């Protein structure tokens with residue numbers, strides 16, 4: 001029998017439909033349940049396509065999804081439109097890999113169906129996207145379930161990859177069910193091998209995941225006497241680029257006066273990324289050893305988000321994007337220099353070989369920063385309970401490996417909590433703010449450590465070690481004025497903030513205070529010690545499947 005030709009519309013609509021469903025499962029729509037069905041149209045269509053058709057379909061899926069999902073990039077600067085296109089195209093390449101490999105395995109091992117074949121290929125492609133070049137670990141399928149708390153707890157065992165695996169199993173099973181119904185109704189001999197077994201397997205996986213996650217969830221507890229505060233300004237990046245040092249300094253000083261006016265005296269005040277309005281010279285700081293001296297210490301310690309400079313004798317100076325800790329007496333304690341730089345935002349890739357690349361950058365001057373060389377475990381000065389914390393700056397919220405190392409994965413003493421400093425003033429209240437926050441829910445669960453965010457333009461937040469965003473309540477103390485408006489001082493409590501309310505905490509200025517949540521109950525954490533295991537295991541399975549089996553003829557049902 002001659003197989004009918006598939007039109008370009010027949011190739012395009014399942015891919016576009018899947019891209020739209022997947023986009024709607026993320027912010028700004030945020031319908032997590034769509035994540036369980038989003039890939040079904042595309043998976044079904046893949047079963048009767050040729051290799052070339054699968055590449056076309058996969059390319060359409062990737063370009064449409066990332067084109068819409070990364071739309072927020074273009075608002076930063078007109079020149080960032082090109083970067084939006086480049087990153088979207090790069091990310092879409094991994095869907096090309098997904099489609100080609102999935103099709104090849106399906107042709108050779110029809111009995112796996114989409115229930116088993118799709119998850120096995122999805123996980124290594126997400127893992128590769130997280131690590132290739134600088135890595136782009138955003139918009140994984142598992143990220144759609146950031147607000148499904150029982151499933152989120154699986155990140156303790158396998159990161160976002162394990163959550164993606166469970167969601168992919170459901171997508172694959174629904175696709176196989178549809179194909180089984182198609183076989184029964186059309187009279188075409190369709191592969192329904194083991195559909196009962198696959199159903200039982202997926203139900204068992206979901207049940208185990210839900211029971212495990214439900215049992216791991218515990219109530220939020222705080223460490224008494226460890227109040228910290230974060231300063232959230234509302235400076236658009238354009239204003240930050242042209243604002244005078246005096247204006248920015250005055251704004252942040254006024255926010256601190258608002259905080260102190262409520263009677264709060266936190267142990268630590270956290271500034272957003274690069275918000276300190278001066279270049280900080282940290283030359284020689286690594287050779288100094290800070291010694292606690294509480295005598296005469298006044299006020300809290302300060303963790304500045306600052307541009308820093310090192311000028312070693314006889315060597316070229318280097319500039320960094322850093323978190324710098326000062327004790328209450330104003331002495332520098334330690335610093336962390338950002339290791340994962342944002343392409344075009346903090347350096348221009350290949351500019352030495354391709355000068356044209358500078359045109360894609362959002363600045364008119366050389367703004368490149370050097371890469372940090374070490375992870376830092378900061379002490380919390382003068383805390384009643386000795387505590388340490390790790391810092392992650394901006395885009396590093398997606399770097400699971402840095403968080404794992406600081407939580408003890410590198411064999412050194414684990415930190416007690418994390419701080420994330422960011423400047424999201426580039427993105428003017430788009431869904432980037434929410435997506436940036438949801439990534440840290442995974443980092444909190446993976447390490448069982450709370451995360452405190454300080455973000456220019458928001459969303460600043462407290463995340464407990466079970467991935468719950470805690471609710472701020474306005475202090476009963478009087479407000480104080482800054483930026484021409486009153487600056488509220490908000491106090492975090494143990495209630496949870498729903499995702500529908502996140503938006504009200506961006507594009508405004510406030511001070512957020514609260515006690516540090518306690519660490520979660522930590523089981524022997526496989527993911528913390530070896531976070532690459534999901535990707536490596538799935539990649540190994542894919543290679544073995546590609547090497548075995550015999551290619552079978554495709555079957556196209558009569559859809560009339």
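On the given criteria, is residue 157 surrounded by 21 or more Cβ atoms within 10 Å (Cβ to Cβ), in the same structural domain as residue 47 (by TED's automatic domain parsing), assigned to a helix (DSSP H, G or I) and under 18 Å from the mean Cα position of the chain (by Cα)? In short, yes.
If you filter segment 316-330 down to residues that are modelled with pLDDT under 90 and part of a loop (DSSP other than H, G, I, E, B), you find that the one that is farthest from residue 275 (Cα to Cα) is 316. Every condition in (1) at pLDDT 90 or above; (2) closer than 23 Å to residue 36 by Cβ; (3) surrounded by fewer than 18 Cβ atoms within 10 Å (Cβ to Cβ) holds for residue 194 except the one numbered (1). Output yes when any residue across segment 31-52 is farther than 28 Å from residue 198 by Cβ, crowded, with 17+ Cβ neighbours inside 10 Å and outside the structural domain of residue 500 (by TED's automatic domain parsing), and no when none is. No, the conditions are met nowhere in segment 31-52.
Taking the stated definitions as given, is residue 66 surrounded by 19 or more Cβ atoms within 10 Å (Cβ to Cβ), closer than 28 Å to residue 537 by Cα, out of contact with any strand residue (DSSP E or B) (no Cβ under 6 Å at 6 or more places or on another chain) and modelled with pLDDT of 95 or more? Break it down into steps so the answer makes sense when it comes.
Numbers: surrounded by 19 or more Cβ atoms within 10 Å (Cβ to Cβ): yes; closer than 28 Å to residue 537 by Cα: yes; out of contact with any strand residue (DSSP E or B) (no Cβ under 6 Å at 6 or more places or on another chain): yes; modelled with pLDDT of 95 or more: yes.
Judged against the criteria, residue 66 is a match.
Scanning segment 534-552 for residues being touching a residue at least 12 places away in the same chain (Cβ under 8 Å) and either loosely packed, with under 12 Cβ neighbours inside 10 Å or closer than 13 Å to residue 106 by Cα (or both) gives a total of 8. Exactly one residue out of 29, 81 is part of a helix (DSSP H, G or I) and in contact with a helix residue (DSSP H, G or I) (Cβ under 8 Å, 6 or more places away or on another chain): that is 81.
Of the residues that make up segment 271-285, is at least one surrounded by fewer than 18 Cβ atoms within 10 Å (Cβ to Cβ) and in a helix (DSSP H, G or I)? Checked against the condition, which is being surrounded by fewer than 18 Cβ atoms within 10 Å (Cβ to Cβ) and in a helix (DSSP H, G or I), segment 271-285 yields at least one hit.
Among all residues of segment 422-438, there is at least one that is assigned by TED's automatic domain parsing to the domain that holds residue 255, more than 22 Å from residue 493 (Cα to Cα) and part of a strand (DSSP E or B).
For residues that are free of Cβ contacts under 8 Å to residues at least 60 places away in the same chain and either surrounded by 18 or more Cβ atoms within 10 Å (Cβ to Cβ) or in the same structural domain as residue 426 (by TED's automatic domain parsing) (or both), tally how many sit in segment 98-111. Show your work before the answer.
Kept after step one, since they are free of Cβ contacts under 8 Å to residues at least 60 places away in the same chain, are these residues of segment 98-111: 98-100, 102-103.
Next, only the ones that are either surrounded by 18 or more Cβ atoms within 10 Å (Cβ to Cβ) or in the same structural domain as residue 426 (by TED's automatic domain parsing) (or both) stay: 98-99, 102-103.
Going through segment 98-111 one residue at a time, the tally reaches 4.
Among the listed residues 428, 401, 433, identify the single one that is touching a residue at least 40 places away in the same chain (Cβ under 8 Å) and within 18 Å of residue 159 (Cα to Cα).
Working: 428 fails: within 18 Å of residue 159 (Cα to Cα); 433 fails: within 18 Å of residue 159 (Cα to Cα).
None of the others qualify; the one that does is 401.
Taking every residue in segment 220-244 that is over 13 Å from residue 276 (Cα atoms) and pairing it with any residue that is part of a helix (DSSP H, G or I) and at pLDDT below 95, at least 6 positions away or on another chain, the pairs with Cβ-Cβ distances below 6 Å are 229/259; 236/425; 237/425; 237/426. Residues in segment 1-15 that are closer than 16 Å to residue 55 by Cβ and at pLDDT 70 or above: 8, 10, 11, 12, 14, 15.
The values are calculated or read from the model by the stated rules, or taken from the named source; none is laboratory data. From a predicted model like this one, the values you see are computed outputs, not experimental measurements. Here the Cβ is made from the backbone with ideal geometry for all residues, glycine too, and neighbour counts use every protein chain on show.
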